[in-house]
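Novice: Below is the structure I would like to discuss, written out as structure tokens.
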Amino acid sequence: NSIPIDELGLEYEVTPHRSASDVVVPPGDGVLVTGLFLEGARWSQDSHSIAESASKVLYDLLPIIWLRPARQHQQAGRGGGGTPGGTTYRVPGV
């Protein structure tokens with residue numbers, strides 16, 4: 001499958017895996033991202049969302065995130081509307 005670059009987007013899924021050794025079979029498409037941390041929050045496996053951090057715990061390791069290519073118009077409402085790491089906008093010349 002090929003996607004034109006001007007239509008390329010990303011879908012993501014937070015997996016239940018906490019380390020690369022937990023992954024038995026790599027995905028057929030996309031990449032697995034490890035080593036991301038939350039500061040002042042934690043990932044709740046029960047609710048599959050960000051939750052309040054545990055007492056006196058500043059950083060929490062995120063589970064492995066699976067990023068896979070998708071057409072931009074296919075992303076809406078399918079766990080890929082925004083980027084899991086946030087978005088930074090840069091204005092040229094500023």
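Novice: Taking θ as phi - 60°, what are the ³J(HN,Hα) couplings along region 28-43 by the Karplus curve (6.51, -1.76, 1.60), each to the nearest whole Hz, with x for Gly and Pro?
Specialist: x, 9, x, 9, 9, 10, 10, x, 8, 10, 9, 10, x, 7, 9, 8
Novice: Okay, next question. What part of the accessible area of region 1-41, given as a whole %, is carbon or sulfur when the probe is 1.4 angstrom?
Specialist: 56
Novice: Under a plain spin-label model, where a point goes 7 Å from the Cα along Cα-to-Cβ, how far apart in nm are L32 and L58?
Specialist: 3.0
Novice: Another question, if that's okay. Just subtract the alpha-carbon distance of A20 and L8 from 0.36 nm times their residue separation and send over the number in nm, one decimal. Don't skip to the answer; put the middle values down first.
Specialist: Details: separation 12, 0.36 × 12 = 4.32 nm, distance 2.66 nm.
Full extension of this stretch gives 1.7 nm more.
The values are calculated or read from the model by the stated rules, or taken from the named source; none is laboratory data. None of these values were measured; they are calculated from a predicted model. So basically every Cβ, Gly included, is an ideal-geometry build from the backbone, and we count neighbours across all protein chains shown. The accessibility values were calculated without ligands, DNA or RNA, using every heavy atom of the protein model including side chains. Shrake-Rupley method; radii C 1.70, N 1.55, O 1.52, S 1.80 Å.
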